[in-house]
Amino acid sequence: MLAHPSLRSPSFITILGAGLMGRLLAVALARQGHKVEVHEAGSRDGATSAAHVAAAMVAPLAESIVAEPGVVRMGQHSLARWPGLLAQLVQPVYFQHNGTLIVWHRQDAPEAARLRQKFEQTQGAVPQLPHMQPLDAAALAEREPALAGRFSQGLYLPGEGQLDNRQLLDALAATMDALGVATHWHSARAPQDFAPGAAGQPDWLLDCRGLGAREQWQGLRGVRGEVVRLHAPDVTLQRPTRLVHPRYSIYLAPKEDHRFVIGATEIESEDLSPASVRSTLELLSAAYAVHPGFAEARITELTTQCRPTLPDNLPAIRMPRERVLQVNGLYRHGFMIAPAMLDVVMQLLGEGQSALAPDFELALQGGAATAA
C-alpha cells in the first residue's frame, strides 16, 4: 500500500461529476468544513445521469439474484444510512422501507423456486439480512390488499426500501448551495485539467463522472436500461413489487401520488435511442398482469439511460495518481450502495484506509489501498 496525504482541515476539493456519488460527496465534505467545487457536464437536474432515470430501490436481498455478497452487504449498510443522510438535507425526500413483495403466476412457479433458493444462499452468506417470508394467498392479501385474489403465493422481503431519486438529486443540489459548494453546471472537465497539490490547485480531485470517465478507466462500459413512468390513480400498491418471469424480473416501484416507476430491461449496449416497442410492451403488459388498474394509467415518461459498469459488474475505487480518487462502476445498484461507497471514500480521505472496504469486498486499487 502506498501512503498518501490525508485531508487537512479545511482542504480544497474538486469533484468531477454531479450524479448521485458526486453530490453525496460534495455535501459530506462541505459539512466537514472543506472548500468544495463541482464540475458537471450536464445540468442541475441531473437529467443526463443514470441516477435521474433509476427506480432508486434499496433492496439488497432482492438484488442478490444479480449481486455478489459484498454488494449485498453494502446495500444492508446503506439501508441503515439513508434516513440519516436524508435528514441532513434542506428539502424533504420521499423514503420508505416497507419491504419488497415478489409475486408470480402459476406457470412461473419453477422460476420462483429457483429465486427462493438463491435468496436462501444469500441469507447464509449475509446472515444479518432479515429473513424472507413466504406468503400464501391470505397472507399476501393481508400484506398487500391491492393484490388480493390475484396471486396464490408470494415472498415478502422485510425492511427493504426505496426513495424518490429526482427529489433526492434536487435536495442534494439545494444543500450544496446552502453549504457554499461552488457548482459549475455544463462544465465538462477531466482529471488531466488539474494538478492536485500544486499551488493554486485543489488538494484533492475526486472523479465521479460515471461513463464520462471511459477514457481514464479501461473496460468501463454502459449497460442500457429502459424505464416507464406511469400515473395510476386506481393502483394502491404500498411497496416495490417484483413479478417473476423466465426472461426478466419486472419491478414496479410506487412513488408519491400514485406514480410508478416500472423497469427490468438490461441490455449490453450503450445505445441511448428511445425505448424499443418490445421492451415497452413487455413492461406495460407485466404491469397490467400485476394489477388491472394499470390499464387506465397514463404514461408520463418513457426513458432510456446507460449504467456505468466495470468488466466484473462490481463497484471500485482507485487512485491513479497521488491526490486523485476515482469512484465508478455502481452499475444497477447506485442508490442501494451509494451511502456505503460514500463512507468508504470518506474513510480513505480522512484516514488513508477503510475499515469498511474488506467487509464489502470492495476493490481499492492503486495507491489508495488494496483489498478484496
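The values are calculated or read from the model by the stated rules, or taken from the named source; none is laboratory data. Note that the structure is predicted; figures quoted are calculated from it, not measured. Positions of Cβ are generated from backbone atoms using ideal geometry, with glycine treated the same way; all protein chains shown enter the neighbour counts. Accessible surface is based on the protein model in full, side chains and every heavy atom, while ligands, DNA and RNA are left aside. Shrake-Rupley method; radii C 1.70, N 1.55, O 1.52, S 1.80 Å.
Every residue in region 240-253 that is in contact with a Pro (Cβ under 9 Å, 6 or more places away or on another chain) and crowded, with 22+ Cβ neighbours inside 10 Å, please. P240, T241, Y251, L252, A253 - these are the residues of region 240-253 that are in contact with a Pro (Cβ under 9 Å, 6 or more places away or on another chain) and crowded, with 22+ Cβ neighbours inside 10 Å.
Selection over region 235-257 of residues that are modelled with pLDDT of 95 or more, outside any strand (DSSP E or B) and more than 17 Å from L163 (Cβ to Cβ) gives a count of 2.
If you go through region 87-107 and keep only what is closer than 24 Å to F119 by Cα and small (G, A, S), you end up with just G99.
Only one entry of A297, A338, A287, A275 meets the criterion of being of a type in the set (A, V, I, L, M) and touching a His at 6+ places or on another chain (Cβ under 7 Å), and that entry is A297.
All of (1) under 23 Å from the mean Cα position of the chain (by Cα); (2) open to solvent by less than 80 Å² (accessible area, probe 1.4 Å) hold for E268 with one exception: (2). Remark: pairs (first residue in region 6-27, open to solvent by 10 Å² or more (accessible area, probe 1.4 Å) and part of a strand (DSSP E or B); second residue among the charged types (D, E, K, R) and at pLDDT 95 or above; Cβ separation under 6 Å; 6+ apart in sequence or on different chains) = F12/K35; F12/D203. If we scan region 299-312, do we find a residue that is hydrophobic (A, V, I, L, M, F, W, C), farther than 21 Å from R214 by Cα and touching a Leu at 6+ places or on another chain (Cβ under 7 Å)? Within region 299-312, one or more residues are hydrophobic (A, V, I, L, M, F, W, C), farther than 21 Å from R214 by Cα and touching a Leu at 6+ places or on another chain (Cβ under 7 Å). Given the condition of a type in the set (D, E, K, R), assigned to a loop (DSSP other than H, G, I, E, B) and either surrounded by 22 or more Cβ atoms within 10 Å (Cβ to Cβ) or not assigned by the TED database to the domain that holds L147 (or both), answer yes or no: does some residue in region 185-207 qualify? So far as region 185-207 goes, yes, one or more of its residues are of a type in the set (D, E, K, R), assigned to a loop (DSSP other than H, G, I, E, B) and either surrounded by 22 or more Cβ atoms within 10 Å (Cβ to Cβ) or not assigned by the TED database to the domain that holds L147 (or both).
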